[in-house]
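What follows is a single structure, written as structure tokens, with notes after it.
The values are calculated or read from the model by the stated rules, or taken from the named source; none is laboratory data. Quick caveat, the model's predicted, so the values are computed rather than measured. Cβ placement follows ideal geometry from the backbone for every residue including glycine, while neighbour counts extend to all protein chains displayed. What goes into the accessible areas is simple: the full protein's heavy atoms, side chains included, and nothing from ligands, DNA or RNA. Shrake-Rupley method; radii C 1.70, N 1.55, O 1.52, S 1.80 Å.
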Amino acid sequence: MSDPVLDLQGVTKAYNAGKPGEVTVLRGVDLSVQRGEVVALVAPSGAGKSTLLHIAGLLDTPDAGHVRIAGEEMTGRGDARRTAVRRADVGFIYQFHHLLPEFTAQENIVLPQLANGVGQAAAGDRALTLLETVGVAGRATHRPAALSGGEQQRVAFCRALANGPALLLADEPTGNLDPATSDQVFDALMTLVRDTGLAAVIATHNLDLAARMDRQIRLENGLLV
Ligand code: ADP
């Protein structure tokens, strides 16, 4: 079998280490996610989901342990290499869309591709294809303010996948939507993920959504169970 897309071993993290107010968040997390596998990360607020996702996505570093992306050991690598791997291999989705307000839906998906060296025409075509997959191609020329919450989040999914990452990390991606919209938007996300065969870790409080993923893991007292 090929290397897991994401491989965490013995990851620990504490904030304010050695000081008053020290918070130990991760106590030795092991997690492997294969290509095509969608993992639900379920935990109460404050349990450390964001910390775990940020370490997995190379936005933060663990105090100890290993982070491997597509077989490459990232622990101890310099900022330039970590940034390059994050840009090429990792897509992030947050609870809020964080789209750029002065650009259209399509442009928001084009921009990260231009930053990655893709030509304007190819980037535009790819943006439209992604928007079609999630059912909002008809809104391609709208700015975020003219989109509904569900549409904004679908566009954010497309942006996260614009450069064809191997790994998708999502932090409560439908947490800001009403239940009916949340279900539909989650369907759109799963279609994108299954179409591309990427590995995904999706944090959610919603146990119904978690049950639709391939595997559920819970973060309790700093460990995955
Ligand atoms: P979740 O995403 O599950 O809500 P977080 O990973 O955001 O949890 O936070 C886990 C714990 O770490 C919380 O107790 C939070 O208050 C604490 N924490 C998060 N970031 C910091 C920080 N930069 N400094 C100090 N404590 C932090």
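Share of antiparallel DSSP beta bridges in region 6-224, in percent to the nearest 5? Let's see the in-between values first.
Working: 17 of 34 bridges.
Once the DSSP bridges in region 6-224 are tallied, antiparallel ones form about 50 percent.
For Thr129 and Asn116 in one chain, what is 0.36 nm times their gap in residues minus the Cα-Cα distance, to one decimal in nm?
Stretched out fully, the Thr129 to Asn116 stretch lengthens by 2.9 nm.
Sort out the exposed loop GluC sites (Glu not before Pro) in the chain (DSSP loop, at most 15 other Cβ within 10 Å) and tell me the longest stretch that has none. Please report the intermediate quantities before stating the final value.
On the way: sites that count: Glu22, Glu102.
Formally, the longest exposed-site-free interval is 103-225.
Tell me, what HN-Hα J-couplings in whole Hz come from the Karplus equation 6.51 cos²θ - 1.76 cosθ + 1.60 at θ = phi - 60° for each residue of region 121-131, using x for Gly and Pro?
Once rounded to whole Hz, the list reads 5, 5, 5, x, 5, 5, 4, 5, 4, 5, 4.
Leaving out ligands and nucleic acids, note down the accessible area per residue over the chain with a 1.4 angstrom probe, in whole Å².
Here the residues of the chain average 46 Å² of exposed surface.
For the residue pair Asn16 and Arg143, what label-to-label distance in nm results when each label sits 7 Å from Cα along the Cα-to-beta-carbon direction?
About 4.1 nm separates the two model spin labels.
How much net charge surrounds Leu147 when only the other residues with a Cβ under 10 Å from the Cβ of Leu147 are counted, with Lys and Arg +1 and Asp and Glu -1?
+2
All other residues with a Cβ under 9 Å from the Cβ of Thr12 taken together, and with Lys, Arg as +1 and Asp, Glu as -1, what is their net charge?
+1
Could you tally the net charge around Ser50, taking each other residue with its Cβ under 13 Å from the Cβ of Ser50, Lys/Arg +1 and Asp/Glu -1?
Values: positive: Lys13, Lys49; negative: Asp60, Asp171, Glu172.
Here the count lands on -1.
Each label point is 7 Å from the Cα along the Cα-to-Cβ direction; what then is the distance between the points at Thr75 and Asp63, in nm?
According to this spin-label approximation, the distance is 1.5 nm.
What size of dipole, in debye to the nearest 20, comes out for the chain about its Cα centre when the only charges are +1 on Lys and Arg C-beta atoms and -1 on Asp and Glu C-beta atoms?
For the chain, the charge dipole is close to 300 debye.
Could you tell me what percent of the accessible area of region 6-224 is made up of carbon and sulfur, with a 1.4 Å probe and every protein chain present?
49
Can you give me the pair-distance distribution of the chain, C-alpha pairs, 5 Å bins, whole percents?
Each 5 Å bin holds this share of Cα pairs: 1, 7, 15, 18, 19, 16, 12, 7, 3, 1, 0.
State which stretch of the chain is the longest one without any exposed chymotrypsin sites (Phe, Trp or Tyr not before Pro), exposure meaning a DSSP loop state and at most 16 other Cβ atoms within 10 Å.
104-225
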